[in-house]
2 protein chains.
Amino acid sequence: MLDFRSDRVLSDLRELARFGAYETGVHRPTFSEEDIAARRWFAAKLTEAGLESSIDGIGNVYGLSPGPGPKMLTGSHLESQNHAGWLDGALGMVFALEAARAIGRGVDVAAWCDEEGHFGSFIGSRSYTGLLDEAEIDGLANRYDGTPLREALARAGLAGVPRRQVEPGRYRGFVEAHIEQGATLEGSGLKIGVVTAIVAIWQFRITAVGEQNHAGTTSMARRRDAGLALVRLLGEIDRRFPEIAGPATVWTTGRITLEPGAPSIIPGRASLLFQFRDADPATLDRLEAELHRLVAAANEAGACPIEIEILGQSRPALMDETLQGLIDGAANAVQPGCALRMPSGAGHDAQYLARVMPAAMLFVPSIGGISHHWSENTSDDDIALGARVYCEAVAAALDAG
Amino acid sequence: MLDFRSDRVLSDLRELARFGAYETGVHRPTFSEEDIAARRWFAAKLTEAGLESSIDGIGNVYGLSPGPGPKMLTGSHLESQNHAGWLDGALGMVFALEAARAIGRGVDVAAWCDEEGHFGSFIGSRSYTGLLDEAEIDGLANRYDGTPLREALARAGLAGVPRRQVEPGRYRGFVEAHIEQGATLEGSGLKIGVVTAIVAIWQFRITAVGEQNHAGTTSMARRRDAGLALVRLLGEIDRRFPEIAGPATVWTTGRITLEPGAPSIIPGRASLLFQFRDADPATLDRLEAELHRLVAAANEAGACPIEIEILGQSRPALMDETLQGLIDGAANAVQPGCALRMPSGAGHDAQYLARVMPAAMLFVPSIGGISHHWSENTSDDDIALGARVYCEAVAAALDAG
């Protein structure tokens, strides 16, 4: 019998949302003052729950269950996207905390640092799973203000602190709860998503180099406008990608920067951040080949050389069948017929944990499918139901052995 | 007989370029520390030249000739574009200073503040010509960091200082020297541009509003991508404008901003700075109508409403025929056949001075036509020749009686 308390889940979530509160959401970038305070607050909650808490040299927060017996690893992330929602990451952390309290044994909790990528790509879970070396840390800096990761770690008091890595054989598996961030559950009237696979995300920085010049005195014929070169390339992507994408493929240009960015100067340099996502390796390869073909065609036709830099190429990650079955079973026991098997279009730390242990994910509905925006939300009832199913599933995994 | 000294011109230009030195150019945005220091340095040079120097409440630096007799007004601007060249503005200021020294009577000098538009549109010359009111000043802020103009003025020690306006009847005219910033003089092997007219610049901020959402979990069909809406609009402008523009029309997108600007978030809002320039009013009207038509078509087809905000619509400005003749005559006296009559594709303070007195401009060649970039340059010989012609022309205007 679990000591599960949904009121504790909701009040912890609301307390956590005070760190970096912004509109009805939060602005809590990795290693901001608010983020560091949230990590310390969460570590104290873990201690209060009877776990041995610590923060390691990459900023991961851990709570380790002290006793003997089988162990499950649980968690998600604490930082937020900029000016974004209160549940993305936070929900999974509070569910994990509640699992530790409700089950009272064998539940370890981890907050993987910087899942939102302010400094790099999944540096917390990659550090834990042995996929992040010191040289990469040396080279990382904040995407928005350029602060080196080493400097941010030092400011958080984490310079020289060792980085914890997975202890082989300790865990039966890892379960991460998260808001869906899409509208599939809401659209079908279901309450629990049982994730089958996490899509791969392939990210690129595309840069064009032209000639910075005066916007009034340089004739159209003489110009080498780097911004226009990228606008034309994006037009080609917009035309071609729908023809070759898979049914669930998504692609996005998240940022365009023209330099120097003044109204009366022809951009001498322009860059953009582009990504596409799919769970099918053949589709990913096809899209990447097309991107290179379009850039090569642009370089043949245009006067501003364009280059593609690969920022990340994750692999699709399959979730563990047994753990999927336990989540499904727990959902059906709490509210029959409320669960749906579905892929995750978003990347999550579980994709790296899946490389070193059985891993699974549970989704709760997102109102209107909205996330990465401060209006992101989930009803209290759906949060409470999700937390209960999560705790039951983790308990079942501990008992399964 | 003028006491003209080209070595003094070149050494003053080099000394001025130390304020905000960047690569071989300068970074001296309006009211930056370096800009304020440059204004004070220049005011001291005016005093040294025997003029009554002052800085008024909008940041204009003045040097007034104390004696009686006919007066000419000379000058340009002191601040630079970001990370740009050492001669844009500075050349005209040092030529004006040299005219005051070389002629020794009747030459007033003015540095018009913020010609480069860090805070607004020609606020210095518009203030002097009565086209800038206090309410507009209240609303202006730095384009790059948002600092209110009032705050910047206060930091420069100019809060509450009166703004000087043109004294009716004092001047025979205004002459501004400037680098060409294009390649027309260089291409024709000529040395002095006699400006016939300054083109109008029409500037717009175009904004699209979509729905900020997760780049992985939001299907392509459900998206309202504000960035993509603007990319498609720019594609249409790129297709249509060449068909309807005049032979000398130029158009430029200087900045594109996607919000929030993160790689994994679909932009919920996107904006860009767009401008076109021409000296023909009918062409300007035709281009503006087409821009509105393209936006209306985009709004009919797309899910992200696009709005156009007018940031500036200057008028084409004709230069004074008599002053043009004096510059041409001075050029031919110094080096026969070295001058060319030409329009200015760039906006200049002379276009506002032309509303209150006869105004003219003299161009010197730009190496490679490059400006608004730190590599902007003009040969020492061309600078010296230009300064001599400038001083002779101003002296001739004073003598013309």
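Since every read-out is calculated from the coordinates, none of them should be taken as a lab result. From a predicted model like this one, the values you see are computed outputs, not experimental measurements. Using ideal geometry, Cβ is built from the backbone for each residue, glycine included, and neighbour counts are taken over all protein chains shown.
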ask   = To the nearest 20 debye, what charge dipole does region B:288-345 have about its Cα centre, counting +1 at the Cβ of each Lys and Arg and -1 at the Cβ of each Asp and Glu?
value = 200 debye
message = Based on alpha-carbon centroids, what's the gap between region B:323-401 and region A:126-175 in Å, whole number please?
response = 60 Å
request  = Pull up the cross-link candidates among the lysines for A:K191, meaning alpha carbon to alpha carbon under 28 Å and not fewer than 8 places away within one chain.
outcome  = A:K45, A:K71
remark   = Protection proxy (average C-beta count within 10 Å per residue), highest first, orders B:214-220, A:282-288 as B:214-220, A:282-288
message = I need the Kirkwood Rh of chain A: take the reciprocal of the average 1/r across all distinct C-alpha pairs and report it in angstrom.
response = 22.2 Å
remark   = The answer for the net charge of residues other than B:L353 whose Cβ lies under 14 angstrom from its Cβ, with Lys and Arg +1 and Asp and Glu -1, is +1
ask   = Considering only chain B, what is the antiparallel percent among its DSSP beta bridges, to the nearest 5?
value = 70 percent
key: Per principal axis, descending, Cα span of the protein assembly as shown in whole Å   = 106, 50, 44
task = Just check region A:162-282 against the gyration tensor rule for me: Cα atoms, a ≥ b ≥ c as the square roots of the eigenvalues, rounded for a/c under 1.5, and otherwise prolate or oblate depending on whether a/b exceeds b/c.
result = prolate
ask   = Taking the DSSP beta bridges in the protein assembly as shown as the whole, what percent of them are antiparallel, to the nearest 5?
value = 70 percent
ask   = What dipole magnitude, in Debye to the nearest 20, does region A:200-313 give about its Cα centre under +1 on Lys/Arg Cβ and -1 on Asp/Glu Cβ?
value = 360 debye
query = In whole angstrom, and with the biggest value first, how far do the Cα coordinates of region B:282-394 range along each principal axis?
reply = 63, 35, 21
ask   = Tell me, what is the percent relative contact order of region B:200-313, built from C-alpha pairs under 8 Å that lie six or more residues apart?
value = 46 percent
message = Averaged across B:166-174, how many Cβ atoms of other chains sit within 10 Å of each residue's Cβ atom?
response = 0
task = For chain A, calculate the relative contact order in percent as a whole number, restricting contacts to Cα pairs under 8 Å that are 6 or more residues apart.
result = 23 percent
remark   = Placing +1 on each Lys and Arg Cβ and -1 on each Asp and Glu Cβ in region A:200-313, then taking the dipole about the Cα centre, the residue among A:I206, A:S264, A:I306 whose Cα reaches farthest towards the positive end is A:S264
ask   = Å³ per residue of the Cα convex hull, for region B:53-110?
value = 76 Å³
remark   = Partner shielding of B:176-184, as the mean number of partner chain Cβ atoms within 10 Å, equals 3
message = Averaged over its residues, how many other protein chain Cβ atoms are within 10 Å of peptide B:219-228's Cβ atoms?
response = 4
request  = Determine the percent antiparallel among the DSSP beta bridges restricted to region A:192-351, to the nearest 5.
outcome  = 85 percent
key: Structure-based [θ]222 nm, chain A - -39500 (n - 2.57) summed over DSSP H runs of at least 4, per residue, nearest 500   = -11000 deg cm²/dmol
request  = Evaluate the charge dipole of the protein assembly as shown about its Cα centre and quote only its size in Debye, nearest 20, assuming +1 on the Cβ of each Lys and Arg and -1 on the Cβ of each Asp and Glu.
outcome  = 20 debye
inquiry  = Cβ neighbours within 10 Å, averaged per peptide: list A:32-39, A:154-161 in order, most packed at the top.
reply    = A:32-39, A:154-161
request  = Apply the membrane-span-like helix rule to chain A: whole DSSP H runs, Cα extent along the own long axis of at least 18 Å, mean Kyte-Doolittle hydropathy at least -1.0. List the helices found.
outcome  = A:33-48, A:90-103, A:226-244, A:281-301, A:321-334, A:380-400
note = The FRET efficiency for A:A289 and A:E134, from their Cβ-Cβ distance with R0 = 41 Å and rounded to 0.05, is 0.75
note = Taking a crude spin-label model, label points 7 Å out from Cα along the C-beta direction, the A:A301 to A:E151 distance in nm is 4.1 nm
request  = Can you tell me which of A:112-125, B:68-81 comes out highest on packing, and rank the rest after it, using the mean Cβ neighbours within 10 Å?
outcome  = A:112-125, B:68-81
